[in-house]
Structure formats: C-alpha cells, structure tokens
Amino acid sequence: MIILSGGTGTPKLLNGLREVFPEKDLTVVVNTAEDIWLSGNLITPDIDTVLYLLSGRLDSSRWWGVKEDTYRTHEAMKAVGHNEVMMLGDIDRATHIMRSDLIRNGHTLTEATNQLCRYFEVNAKVLPMSDDPVSSMVITPEGKMHFQDFWVGKRGEPEVLEVRQEGIEKASISPAVLEALENEDEVLIGPSNPITSIGPIIELPGMRDILKNKKVIGVSPIIGNEPVSGPAGKLMTARGIEVSSCGVASYYSDFLDHMIIDERDVVDEQKFHKYDCSVSQADTLMKSVDISSELSGIIRDIFRNM
C-alpha cells in the first residue's frame with residue numbers, strides 16, 4: 001500500500017497501519033513542500049515525523065521532534081541573537097546535519113532519506129514526493145511568506161489571501177515514487193492538510209493522471225466545518241474550497257474512490273456521489289493506537305472489497 005502523508009494526521013494513522021499491515025509492505029510518500037533550509041541545514045518536517053514515528057523516536061505528545069530531546073544548541077544561538085523560526089532539538093538537529101551533508105555531497109533527497117531509514121532501522125519505505133525543490137508559500141496582507149514562517153513564526157494568525165506551490169511546475173515525481181506507483185494499486189490519502197500537505201504531492205505534474213488508475217481511499221482531516229488540527233480551514237478557504245469533508249472530496253474528485261469521514265460528522269451521500277465517491281464513517285480522531293488500528297482495519301477491508 002502507498003500512503004500519501006503530511007506531518008501530523010497521517011503519522012497518527014501510520015501508528016495503526018503498522019499494527020494491521022506488515023511494515024515492510026508500507027510505502028509512505030511524503031510531502032516536501034514545507035521543507036526549509038535553516039542555519040545551514042535542510043529541515044524536512046514531514047519526512048522527519050514519519051521517520052521518528054517508525055523508529056520509535058517521535059515525541060508523540062506533540063507529534064513532532066524527538067522525545068526527551070534537549071535544546072542547548074537552539075538556546076545558545078538565540079542568546080547571541082541568531083533566531084530560528086523553528087525550535088530544533090539537539091538530536092533532531094543531528095538528523096538535519098546528516099541529511100544536509102549527504103545532499104551537499106551529491107546525493108538526492110531520496111537517497112539521503114533512504115540512508116536515514118537505514119540508520120534508524122525503519123522497515124517501511126519512506127519516499128520524498130520529489131527530489132526537486134517545491135515550497136508552499138502563503139500570501140497574506142503582510143506579504144508572501146514560507147509556510148513555516150506563516151504557521152510557526154506567525155502562529156498561523158495572518159489572513160490568508162492565496163497559497164502557492166512554488167516550483168511545482170518544474171518538479172518531477174521522484175523515480176522511486178514512480179516505481180512504487182507502478183507496483184502498487186492501493187493508495188491511501190492520510191488525514192493531512194489537503195492544501196499544503198497532500199496538495200503538493202497530487203499537484204506534481206502527472207500525479208493526478210496516475211492516481212486515476214489506482215484504488216484511492218481518503219481519510220478526511222475535517223469534522224463538520226473545522227479541521228482536526230492546523231490551518232487547513234484558512235488555506236482551503238483561500239483556495240475557494242468548502243471547509244468540509246465534501247470540500248476535501250471535491251479537491252480529490254478526479255481520482256478519489258472512497259472517503260472515510262469521522263463518525264461525529266454529518267453524511268450527505270448525495271454530495272459525495274456527485275464526485276463519484278462512496279463514503280463511510282469511523283472514529284478518525286485516533287486518540288489512541290487502538291483507535292488508529294481499528295481505523296486501519298476498516299481501511300484494509302474497504303480495499304479488499306473494491
């Protein structure tokens with residue numbers, strides 16, 4: 001199975017998927033449009049969350065960073081006026097240094113990620129969506145800013161006028177992802193932000209056409225008219241997409257076969273049928289591994305019946 005992933009909602013689901021499926025059978029294609037160079041190193045937040053989860057290192061109280069990490073380097077730089085938009089832990093920073101060193105020595109992001117998987121003894125395949133740079137840029141009344149500056153630096157507070165994926169037209173689906181898509185028919189879209197987490201993956205040239213020929217299940221990150229977490233509501237509104245599970249389905253409509261929405265949400269099957277998409281309900285909040293595993297079992301059964 002191929003899982004399209006961002007950095008929070010989908011890793012929660014991965015926590016259950018690896019209980020239901022052999023981890024070696026999971027291929028996680030991860031958003032890289034939120035990557036940013038910081039203090040001389042490439043930070044890949046969504047990839048790192050997946051790597052830390054699958055290697056047992058993730059701080060699951062925050063769903064980012066390394067558990068029990070320290071911040072002495074960050075604090076030392078801050079003390080002399082070097083302010084980083086993201087608070088990086090010391091162990092986490094070691095990952096960024098290793099990745100960046102590999103890239104400076106001519107390796108692709110895919111190759112660097114594969115090496116980190118070996119370091120961390122991760123059995124699943126973790127693949128960047130592309131080896132080419134793509135950046136999610138948010139246009140606000142204060143000007144254009146990188147997603148990390150908007151979400152972390154500005155705490156997501158500015159009004160969002162527009163969201164752009166800069167570099168997407170020139171970017172290519174990585175060869176490793178293309179190979180995985182040639183060998184797998186089942187694609188799961190995790191409950192990550194549809195605009196800045198899943199959007200960059202599916203907007204890569206040629207990706208939507210490939211997905212039309214796959215069995216695709218999506219898990220909605222929206223309950224009612226609110227995202228479970230993060231700024232998805234603001235970003236969807238800026239794109240003219242209704243903030244609802246139906247709105248998410250409309251964005252995925254040219255390839256989506258089935259949408260799982262939360263059991264607390266309201267089902268309007270006619271709206272989903274308009275997008276040629278069936279719908280079912282389950283607990284998608286995943287407040288425990290058991291709930292995530294139960295949802296993963298439902299996903300397994302839906303794929304078997306498609």
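Of note:
- Quotient of the Cα radius of gyration of region 141-296 and 2.2 N^0.38 Å, N being its number of residues: 1.07.
- Based on protein heavy atoms only, the chain ends up with 44 Å² per residue of surface accessible to a 1.4 Å probe.
- In whole percents, the pair-distance distribution calculated for region 136-175 from its alpha-carbon pairs, binned every 10 Å from zero, is 31, 44, 20, 6.
- Equivalent ellipsoid dimensions for region 214-273 as semi-axes, Å, which come from the Cα gyration tensor, largest first: 17, 14, 11
- Equivalent ellipsoid semi-axes - Cα gyration tensor, region 239-296, angstrom: 22, 12, 11
- For region 25-114, the set of trypsin sites (Lys or Arg not before Pro) satisfying both a DSSP loop assignment and a count of at most 14 other C-beta atoms within 10 Å is given as R62, K67.
- Apportionment of accessible area to carbon and sulfur, the chain, percent (1.4 Å): 47
- Taking the square roots of five times each eigenvalue of the Cα gyration tensor of region 1-154, the equivalent ellipsoid has semi-axes of 25, 18, 16 Å, listed largest first.
- Full-stretch length increase - M98, K67 - with 0.36 nm per residue and alpha-carbon distance subtracted: 9.3 nm
- Kirkwood hydrodynamic radius over Cα pairs of the chain, then Stokes diffusion coefficient at 25 °C and 0.890 mPa s, in µm²/s: 125
- Within straight-line cross-link reach of K287, lysines at Cα separation under 26 Å, skipping those fewer than 8 residues along the same chain: K12, K24, K67, K125, K234
- Region 117-190 and region 231-306 have Cα centres lying 20 Å from one another.
- Among the DSSP helices (H) of the chain, those spanning at least 20 angstrom by Cα along their long axis with an average Kyte-Doolittle hydropathy of 0.0 or more are 289-304; this is a geometric and hydropathy rule only.
- Under a 5 Å amide H cut-off, with hydrogens placed 1.01 Å from N, V126 pairs with V28 among residues at least 5 apart or on other chains.
- Between N105 and R304, full extension at 0.36 nm per residue minus the direct alpha carbon distance yields a gain of 67.3 nm.
- Take the Cα of D268, step 7 Å toward its Cβ, do the same at V289, and the gap between the two points is 3.9 nm.
- Pairwise Cα inverse-distance average, inverted: Kirkwood Rh of region 188-229 (Å): 11.2
- Length-normalised contact order for the chain - Cα pairs under 8 Å, 6+ apart - percent: 20
- Entry note, the chain: the mean residue ellipticity at 222 nm calculated from DSSP H runs of n ≥ 4, each adding -39500 (n - 2.57), is -10500 deg cm²/dmol after division by the residues and rounding to the nearest 500.
- Under the combined filter of DSSP loop state and at most 13 neighbouring Cβ atoms within 10 Å, region 219-306 retains these GluC sites (Glu not before Pro): E263.
- Net charge contributed by nearby residues that have their C-beta within less than 10 Å of S245 (K/R +1, D/E -1): -3
The values are calculated or read from the model by the stated rules, or taken from the named source; none is laboratory data. Treat the numbers as computed from the prediction; the structure is a model and nothing was measured. Glycine also receives a Cβ, built like all others from the backbone with ideal geometry; neighbour counts cover every protein chain displayed. Note: accessible area is taken over every heavy atom of the protein model, side chains too, but ligands, DNA and RNA are not part of it. Shrake-Rupley method; radii C 1.70, N 1.55, O 1.52, S 1.80 Å.
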